[in-house]
Amino acid sequence: MNFELTEEQESVKKLVRRFVDNEIMPNIQEWDRKQHFEPHILKRLSELELMGVCIPEQYGGAGMDYNTLAIVCEELERGDTAYRTAVSVHTGLNSMTLLQWGTEEQKQKYLVPQAKGIKIGAFGLTEPNAGSDVAAMNSTAKKDGDYYILNGSKTWISLCDVADHFLVFAKTDHDAAHKGITAFIVERTFAGVETKAIKGKLGIRAGNTGEVFLSDVKVPVANRLGEEGEGFKIAMSALDNGRFTVAAGAVGLIAASLEASVKYCHERKTFGKEIGKHQLVQQMIAKMTANLEISRLLVFKAGSLKNAGKRNTKETSLAKWIACDAAFEAANDAVQVHGAYGYSDEYPVERYLRNSKAPVIYEGTREIHTVMQGEYALGYRE
Ligand code: CAA
């Protein structure tokens, strides 16, 4: 066991921090207010080789380990949840799934440009009537010669307006519940694909989220990922990676909440002393400190299992649950520490609080992860 970052991890951390400080921080308040997603940031992330952090170099990635990906996500989330979410979806949910399940031809055609950040990947699992209950999806894929014909709609799809490729899940056998789901790589340019942004979100307002509509989309059989009926497993394995990056981002949000709160504690005085000298304020700071440490350790534990190629669904789910709940609490307390100022966008903490809510819902709600942990502990789940 080694709790030190490697030299390479330290330098990646510094690189992302500098990028966030120089290119995201100065603009994020305006982008958040205008609900503007800035695609140039994705271009810059590609130039910095941050769009394929743990994709092997032979497939165009940076060939680094999972905990380096966690560090990237932690630091990016300090800037804003929107850009960490972009990496979670593009790399965690899409590219890493292509790496695990794709044929060599699919990897060359889709993974390589994605890992280099030349093309952007998104993930189409959730539907208006199927979120936690994946097997309840209604999208269909019917085989027709060398093609499948896809119909349906997906919602809450991050990067929907900027993605070149969507990893889409649809039912090839309606009666077979989760064993009837199949995964497909769908290009935006395929006829019948349309997207529409969702505006008016509580948080991650600087992110691009929306709906994807599929009407009679002809998808070549060569674009089926895995076998027919393997889609549920593929989606779950994708979520093992996506949830890891979400948890790592939550660590960054706790760190940002703590950093802002400590700074404010030294600036603001009440009753003749810095507010940090009041014990009830110290209690909130202490809780953030403890949760930062706990959450980061859980993330690195899951990352170490991934590095060793071991199954990590349980550990990743635990990290995602605990870190996201802790980030929500930390952001809420950061607003409390800032008092009325925390309630205005003069300070970043109100954005942290709004941004911290979605990760408690997406990629497995708090309730899904709580139930999973209960089932693991009771021996109902292996
Ligand atoms: N890797 C590989 N295979 C896996 C797996 C994994 N991580 N997890 C499960 N499987 C396999 C199991 O081995 C099992 O295989 P067999 O059928 O061969 O036995 C099969 O998949 C079914 O597994 P379970 O019995 O565990 O399935 P379940 O029905 O009990 O799962 C659940 C229940 C855990 C609640 C699961 O449905 C779940 O995680 N739901 C939440 C889904 C979710 O996170 N949705 C969010 C969507 S994406 C998103 O949020 C992004 C966005 O922007 C909207």
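Since every read-out is calculated from the coordinates, none of them should be taken as a lab result. The shown structure was predicted, so the numbers you read here are calculated from the model rather than taken from an experiment. Reconstructed Cβ throughout: ideal geometry from the backbone, glycine too, with neighbour counts over all protein chains shown.
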Loop-only check: which chymotrypsin sites (Phe, Trp or Tyr not before Pro) in the range 271-357 are DSSP coil with at most 10 other Cβ within 10 angstrom? Phe271
Report, in whole Å, the centroid distance computed from the Cα atoms of the range 21-44 and the range 79-105. 20 Å
Mind putting a number on the dipole of the chain about its Cα centre? Charges go on the C-beta only, +1 for Lys and Arg and -1 for Asp and Glu, and I need it in Debye to the nearest 20. 560 debye
May I ask for the distance between the Cα centers of the range 112-128 and the range 179-253, given as a whole number of Å? 7 Å
Hey, got the dipole for the range 259-382? About the Cα centre, +1 on K and R Cβ, -1 on D and E Cβ, debye to the nearest 20? 300 debye
Residue-averaged [θ]222 nm for the chain, counting only DSSP H segments that reach four residues, each worth -39500 (n - 2.57): -16000 deg cm²/dmol
Over all viewing directions the Cα convex hull of the chain casts an average projected area in nm² of 19.0 nm²
Relative contact order, percent, the chain [alpha-carbon distance under 8 Å, six or more residues apart]: 16 percent
Placing +1 at every Lys and Arg Cβ and -1 at every Asp and Glu Cβ, with all other atoms neutral, what dipole size does the range 1-46 have around its Cα centre, in debye to the nearest 20? 240 debye
Contour excess over end-to-end distance, with Cα ends at Val262 and Ser11 and 0.36 nm allotted per residue: 87.8 nm
Among Thr182, Phe244, Val221, which residue has its Cα positioned farthest towards the positive end of the charge dipole of the chain, with +1 placed on the Cβ of Lys and Arg, -1 on the Cβ of Asp and Glu, and the dipole taken about the Cα centre? Phe244
